[in-house]
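Engineer: I am attaching a structure below and will ask some questions about it afterwards.
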Amino acid sequence: MCFQYVRTAVGDRITYVYSELSRLMDRRRFLAVAGAGSAVSIAGCTSIAESIGFETGVAVSADVEMTISSFRPTELEVEADETIEFRNTSSHTHTVTAFEEARPDGAEYFASGGYDSRQEAEGAWYDRGGGAIEPDQSFEHTFEVPGEYGYFCIPHLTADMIGTIQVR
Ligand SMILES: [Cu+2]
């Protein structure tokens, strides 16, 4: 696991610094580390990443990042009523689109572009690129109802660009 982060005092938002190798970390460890609430550093990790050519040390302040074809982290655990920022840090265009069925009872549907259903979001995307999150743009949503939310990126669903938010 190559992953480093600091939980900042401001806004209780996780600012994470990681390498491409962080993709390899498993969810359990991520949650355990994220829940610890203190700075964590895995010795040797950064230098390993650098030695094989990855850029490291770039701090990104967002809750979920959109990379070339994935959400990172894939699964995120947050408190109810937290506003989550999904930020496109790649050079590709993405969407954040909720699965209709994968949300707790009573939870509001969410999608970049503000659509009220998956059908509406997909229709807008295929019709006119509706809901697009361009490079360096963000989409925010506040998760009010505890439970599990599944979401995906419309143009990259076939590449398994899928994420989960666990709201406590
Ligand atoms: Cu995408």
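Engineer: Here is a check on your reading of the model: is D105 exposed (fewer than 13 other Cβ atoms within 10 Å of the Cβ) and away from the ligand (no atom under 16 Å from the Cβ)?
Structural biologist: Details: exposed (fewer than 13 other Cβ atoms within 10 Å of the Cβ): yes; away from the ligand (no atom under 16 Å from the Cβ): yes.
The answer is yes for D105.
Engineer: Of all the residues that make up region 35-72, how many are in contact with a helix residue (DSSP H, G or I) (Cβ under 6 Å, 6 or more places away or on another chain) and at pLDDT 90 or above? Give the derivation first.
Structural biologist: Here is the first cut: in region 35-72, the residues in contact with a helix residue (DSSP H, G or I) (Cβ under 6 Å, 6 or more places away or on another chain) are 40, 49, 54, 56, 69.
Narrowing further to those that are at pLDDT 90 or above: 69.
So the answer is 1.
Engineer: Enumerate the pairs (first residue in region 127-146 and assigned by TED's automatic domain parsing to the domain that holds T93; second residue anywhere and of a type in the set (F, W, Y) and at pLDDT 95 or above) with beta-carbon separation below 6 Å, excluding pairs fewer than 6 apart on the same chain, so at least 6 apart or on different chains.
Structural biologist: Here the result reads G131/W125; I133/F139; F139/F86; H141/F110, each pair linking region 127-146 to a residue that is of a type in the set (F, W, Y) and at pLDDT 95 or above.
Engineer: Any chance you could count how many residues in region 124-161 are among the hydrophobic types (A, V, I, L, M, F, W, C), within 11 Å of the ligand (Cβ to nearest atom) and buried (at least 17 other Cβ atoms within 10 Å of the Cβ)? Even if it seems obvious, please write down each step before you answer.
Structural biologist: First, the residues of region 124-161 that are among the hydrophobic types (A, V, I, L, M, F, W, C): 124-125, 132-133, 139, 143, 145, 152-154, 157, 159, 161.
Those still in the list that are within 11 Å of the ligand (Cβ to nearest atom) too: 125, 132-133, 152-154, 157, 159, 161.
From what is left, the residues that are buried (at least 17 other Cβ atoms within 10 Å of the Cβ) are 125, 132-133, 152-154, 161.
The total comes to 7.
Engineer: Determine the pairs where a residue that is on the phi > 0 side of the Ramachandran plot, located within region 60-84, has a partner that is surrounded by 16 or more Cβ atoms within 10 Å (Cβ to Cβ) with Cβ atoms under 9 Å apart, the partner being 6 or more residues away or on another chain.
Structural biologist: If the second residue must be surrounded by 16 or more Cβ atoms within 10 Å (Cβ to Cβ), the pairs left are D81/F143; D81/V167.
The values are calculated or read from the model by the stated rules, or taken from the named source; none is laboratory data. Quick caveat, the model's predicted, so the values are computed rather than measured. Note that we place each Cβ from the backbone using ideal geometry, even for glycine, and neighbour counts take in every protein chain shown.
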